[in-house]
1. Looking at residue 37, is it buried (at least 16 other Cβ atoms within 10 Å of the Cβ) and modelled with pLDDT under 80?
2. Hey, could you check the range 149-177 for residues that are in contact with a helix residue (DSSP H, G or I) (Cβ under 8 Å, 6 or more places away or on another chain) and either at pLDDT 90 or above or in a loop (DSSP other than H, G, I, E, B) (or both) and say which is surrounded by the fewest Cβ atoms within 10 Å (Cβ to Cβ)?
3. Taking the range 182-200 as the region of interest, how many residues are more than 11 Å from residue 146 (Cβ to Cβ), assigned to a loop (DSSP other than H, G, I, E, B) and modelled with pLDDT of 80 or more?
4. Given the criteria over 18 Å from residue 94 (Cβ atoms) and at pLDDT below 90, does residue 5 qualify?
5. Output the strands (runs of 3 or more DSSP E) that fall wholly within the range 43-134 and possess 2 or more residues being in contact with a strand residue (DSSP E or B) (Cβ under 9 Å, 6 or more places away or on another chain) and modelled with pLDDT under 85, or say none.
């Protein structure tokens, strides 16, 4: 008898890809695409970022996106310091993006398919780097976010018992404590064909040979602006005084 070979069906699984746009400059966005399954529609997507010292997010800017997603932020809120001026406790920044996928999911091919895709855009900013003798650029690596789903627990399960959430992800304790209880956790991993799970952005560096000229030029611009403001204030005061005198003269003639 000849045995009939059965087709090899592979069950689809959630996956993630991420990239920076643009891949240069001081204001990129981390754009993450997640391919999910239809039965994940009642789940929330979580993206956990660990940022290098050269990259930060502005909590005020993220707050303006509350119509799209919520967030948690740990680390420095100092937005102006260059990377090399950060204290040790300020260098580590963590961000957790919480995305309600049910409102934003669309079919991968525009139809009602078993797989659906969510796109999440997180604005980021680069700090100034330490100037070098040759200038140029510094390559900064940003790891893809750790992605996972939190879904309502099966009512028949023992969800009242404490259990670690996504133990394979190794999330820090303070992140786990920020998550709602009684949820089932599903990890989302990159596809093996995705290659390195990080993005590279070029951070422009100043040239130490230009520092003296930059400092002199900056001081000159500040002084020029100061004298211009003094002139504008003087001219404005003169016009107001002339109007006041003109008004008094008209009253006397009447």
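1. In short, yes.
2. Pass one, the range 149-177, residues in contact with a helix residue (DSSP H, G or I) (Cβ under 8 Å, 6 or more places away or on another chain): 149, 151, 164-165.
Of the ones still in play, those that are also either at pLDDT 90 or above or in a loop (DSSP other than H, G, I, E, B) (or both) are 164-165.
On the way: 164: 11, 165: 17.
Filtering first and then ranking leaves 164.
3. Number satisfying all stated conditions: 2.
4. Values: over 18 Å from residue 94 (Cβ atoms): yes; at pLDDT below 90: yes.
It is true that residue 5 is over 18 Å from residue 94 (Cβ atoms) and at pLDDT below 90.
5. 115-123
The values are calculated or read from the model by the stated rules, or taken from the named source; none is laboratory data. These numbers were taken from a predicted model, which means no experiment stands behind them. Ideal geometry is used to build each Cβ from the backbone, glycine not excepted, and the neighbour counts take in all protein chains shown.
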